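Below is one structure, written out as structure tokens; comments come after it.
The values are calculated or read from the model by the stated rules, or taken from the named source; none is laboratory data. Quick caveat, the model's predicted, so the values are computed rather than measured. Heads up, the Cβs are rebuilt from the backbone with ideal geometry, glycines too, and the neighbour counts pull from every protein chain shown. The protein model used for the area step is the full one, side chains on, heavy atoms only, and it has no ligands, DNA or RNA in it. Shrake-Rupley method; radii C 1.70, N 1.55, O 1.52, S 1.80 Å.
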Amino acid sequence: MKKFSYLLIVSALAIFSLVVLFPACEGPIGPAGANGTNGTNGTNGSNGLDGKDANAFCVKCHNAAMFGAVESQFATSKHGEGETWAGDGNRQSCARCHSYQGYKETMLTGRDTVEFIPKIPVALQCDACHDFHGTLDSTDFPNYALGHTGPVKVLADPTKTIDFGNSSNACLYCHQARPAAGFPLPLTGDTTYAITSSRWGPHHGPQGNLLNGTQGWQVAGAMAYTNTNHKGVATCSMCHMAAGEATLTGGHTWRIKSADGTKVNVAGCIKCHAGATTTDINGKQTEIAADLLKLQNRLIALKLLDPATLLAIPYNQVGSGTKLPGKGAKWSLKETGAFFNYQMVEADRSKGAHNYKYIKALLSNSYDALN
Ligand code: HEC
Ligand code: HEC
Ligand code: HEC
Ligand code: HEC
Ligand code: HEC
Ligand code: HEC
């Protein structure tokens with residue numbers, strides 16, 4: 001009997017160890033059960049939130065066709081193939097906006113100009129503007145992983161910043177007037193200006209300043225300085241990156257008008273200007289182009305502007321060859337300011353579209369100030 005109970009204990013232990021200690025001896029896994037029902041957005045907390053299908057959601061942007069299309073547009077754009085990247089990016093005062101390296105460096109250091117002058121400057125790369133989606137939270141989309149969208153220091157008036165509060169800040173970092181000697185100019189007074197460089201002025205790309213309605217020389221005149229409120233409702237990309245035609249306009253070509261001038265992309269405009277077929281809305285571009293020409297002719301007559309180059313004629317320049325004689329005396333405040341406004345609007349290249357009311361007032365009051 002003792003022997004029997006001993007045997008019983010031993011076999012019980014053996015069965016226990018087989019079943020509990022070696023569960024791998026289970027039978028094969030049964031077939032998968034049916035999917036559970038979807039949650040219903042957590043009413044009373046009784047259900048879980050609906051999940052997002054990452055495969056459907058993320059691949060709206062992250063797919064080869066989208067990136068391929070973007071890359072081929074980018075390759076034709078001025079950001080991708082403009083001549084100034086290789087041509088001017090290796091100069092200290094230009095590298096910030098004219099080289100990928102200079103842009104990245106000043107982003108990191110917060111300085112206005114680079115410390116390291118790139119020997120072989122290259123054009124913008126995708127990750128100049130794009131970074132990583134900070135949150136990866138679907139409620140935060142569309143989120144284009146734009147890296148720099150904070151307020152931007154105004155180079156032409158360094159005590160000020162501009163904050164559009166949206167992706168336009170990323171563009172403003174470069175698309176703003178450069179500092180010009182003497183700026184910001186006073187609005188009144190008898191100071192005269194020794195303009196000795198034909199390059200004097202706000203330089204190319206003051207689109208951000210004009211969209212914001214600041215940094216023009218706001219001389220008092222018949223017209224008040226008000227704004228067409230594009231900055232409050234539209235971003236640079238809404239107008240410049242609205243879906244266009246393949247590699248001709250829109251998207252990462254940034255072109256509203258195709259390079260050959262035959263196609264115009266108004267896809268951005270019609271969201272607010274119903275039925276627009278041209279960017280010359282209410283004839284405003286035609287009007288501003290005429291005002292600009294009128295001011296231009298006045299500046300030429302005053303020997304401030306060279307009609308061939310549209311650059312300044314240094315006041316003390318002695319005419320010879322193709323060089324026109326300068327004015328022969330320092331420029332008055334009004335001449336200096338009106339010239340600055342002319343160049344600002346000329347270099348903006350939107351013919352008033354960025355901020356019709358402000359641009360109209362700058363041109364009109366500048367012209368009147370010279371007469
Ligand atoms: C609205 C378009 C869009 C959507 C939707 C989107 N992304 Fe992106 N994502 C981008 C862009 C644009 C970039 C920058 C690409 C670059 O720099 O080459 C990016 C960058 C990234 C990067 C960094 C890649 C790198 O090389 O640095 C990761 C990771 C990423 N996305 C993951 C996701 C995930 C996960 C989702 C879904 C939750 C998602 N994205 C949804 C547009 C999108
Ligand atoms: C790192 C500086 C930099 C940033 C950031 C930048 N740009 Fe540019 N952009 C340039 C330069 C420089 C050129 C001219 C390049 C050339 O012609 O060599 C240019 C050219 C352009 C053009 C002219 C296109 C043409 O075909 O004539 C447009 C439009 C434009 N940028 C819009 C934008 C918008 C919109 C953004 C923001 C999403 C932006 N840029 C961000 C520097 C920048
Ligand atoms: C604050 C940024 C910034 C700085 C600094 C800057 N540029 Fe530019 N530059 C731009 C932008 C933006 C454009 C494009 C504007 C446009 O397309 O309307 C541009 C356009 C140009 C163009 C005209 C390209 C064309 O096709 O018409 C030349 C040339 C140029 N820059 C040279 C220079 C040189 C030389 C320097 C340095 C002495 C310099 N830039 C400094 C922002 C800058
Ligand atoms: C000058 C800045 C800039 C550069 C450089 C740039 N992007 Fe973008 N990208 C943007 C902006 C701004 C948007 C958001 C456009 C909008 O608001 O509709 C965007 C949107 C996108 C999208 C979403 C497109 C869509 O239609 O929804 C993708 C994908 C993308 N970029 C990829 C790239 C890739 C790849 C490169 C390099 C080949 C690149 N980007 C270079 C500024 C830039
Ligand atoms: C309300 C729409 C709108 C907004 C917002 C806008 N632009 Fe433009 N932009 C235009 C139009 C229209 C033109 C002129 C196109 C033409 O007639 O060829 C233009 C012209 C330009 C040009 C000259 C080259 C070209 O493509 O004609 C540059 C560079 C430019 N804009 C940059 C910017 C930047 C940078 C911002 C944001 C700071 C911006 N724009 C905001 C509509 C807009
Ligand atoms: C997000 C909305 C929005 C978009 C996009 C937009 N605009 Fe506008 N635009 C407006 C508003 C609002 C006004 C009137 C503002 C005011 O009177 O102060 C206006 C006024 C104008 C004016 C002055 C018209 C007048 O009679 O005074 C012009 C020119 C103009 N827009 C051109 C354009 C062009 C060109 C585009 C596309 C490239 C465009 N806009 C895209 C909202 C928009």
Item to check | Search result, residues across segment 175-199 that are more than 12 Å from ligand 3 (Cβ to nearest atom), in contact with a strand residue (DSSP E or B) (Cβ under 8 Å, 6 or more places away or on another chain) and open to solvent by less than 40 Å² (accessible area, probe 1.4 Å) | outcome: Tyr193, Ile195
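How about segment 141-163: which of its residues are within 16 Å of ligand 3 (Cβ to nearest atom), in a loop (DSSP other than H, G, I, E, B) and under 14 Å from the mean Cα position of the chain (by Cα)? It would help to see each step written out before you state the result.
Within segment 141-163, the subset within 16 Å of ligand 3 (Cβ to nearest atom) is 148, 151-158, 160-162.
Adding the requirement that they be in a loop (DSSP other than H, G, I, E, B) leaves 148, 151, 154-158, 160.
Once the filter is applied, which keeps residues that are within 16 Å of ligand 3 (Cβ to nearest atom), in a loop (DSSP other than H, G, I, E, B) and under 14 Å from the mean Cα position of the chain (by Cα), segment 141-163 yields His148, Pro151.
This table checks each residue for (1) within 30 Å of Ala369 (Cα to Cα); (2) away from ligand 3 (no atom under 16 Å from the Cβ); (3) β-branched (Val, Ile, Thr); (4) in contact with a Cys (Cβ under 8 Å, 6 or more places away or on another chain).
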site	(1), (2), (3), (4)
Leu210	yes, no, no, no
Gly221	yes, yes, no, no
Thr228	yes, yes, yes, no
Cys236	no, no, no, yes
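Restricting attention to segment 297-327, and to residues there that are hydrophobic (A, V, I, L, M, F, W, C) and free of Cβ contacts under 8 Å to residues at least 12 places away in the same chain, which single residue is farthest from Ile195 (Cα to Cα)?
Step one: filter segment 297-327 for residues hydrophobic (A, V, I, L, M, F, W, C), giving 299-302, 304-305, 308, 310-313, 318, 324.
Filter again for free of Cβ contacts under 8 Å to residues at least 12 places away in the same chain, leaving 300-301, 318.
Details: Ile300: 15, Ala301: 17, Val318: 14 Å.
Here the residue is Ala301.
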Checklist entry - Which ones in segment 123-147 are among the aliphatic types (A, V, I, L, M) and more than 12 Å from ligand 4 (Cβ to nearest atom)? => result Leu136
Checklist entry - Which residues, counting only those in segment 212-245, are crowded, with 22+ Cβ neighbours inside 10 Å, within 16 Å of ligand 2 (Cβ to nearest atom) and in a loop (DSSP other than H, G, I, E, B)? => result Met241, Gly244
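I need the helices (runs of 4 or more DSSP H) fully contained in segment 269-371, keeping only those with at least 3 residues that are modelled with pLDDT of 95 or more and open to solvent by 50 Å² or more (accessible area, probe 1.4 Å).
Working: elements: 284-301, 333-348, 356-369.
Per the criteria, 284-301, 356-369.
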Checklist entry - Could you list, in sequence order, the residues of segment 149-174 that are closer than 18 Å to Met238 by Cβ, open to solvent by less than 70 Å² (accessible area, probe 1.4 Å) and of a type outside the set (Ser, Thr, Tyr)? => result Ile162, Phe164, Gly165, Asn166, Asn169, Ala170, Cys171, Leu172
Next on the checklist: Given the condition more than 11 Å from ligand 2 (Cβ to nearest atom), part of a helix (DSSP H, G or I) and surrounded by 16 or more Cβ atoms within 10 Å (Cβ to Cβ), answer yes or no: does some residue in segment 253-261 qualify?
Outcome noted: no
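Please pick out the residue among Gly352, Gly337 that is at positive phi and touching a residue at least 60 places away in the same chain (Cβ under 8 Å). Step through it out loud before you land on a result.
On the way: Gly337 fails: at positive phi.
When all the criteria are applied, what remains is Gly352.
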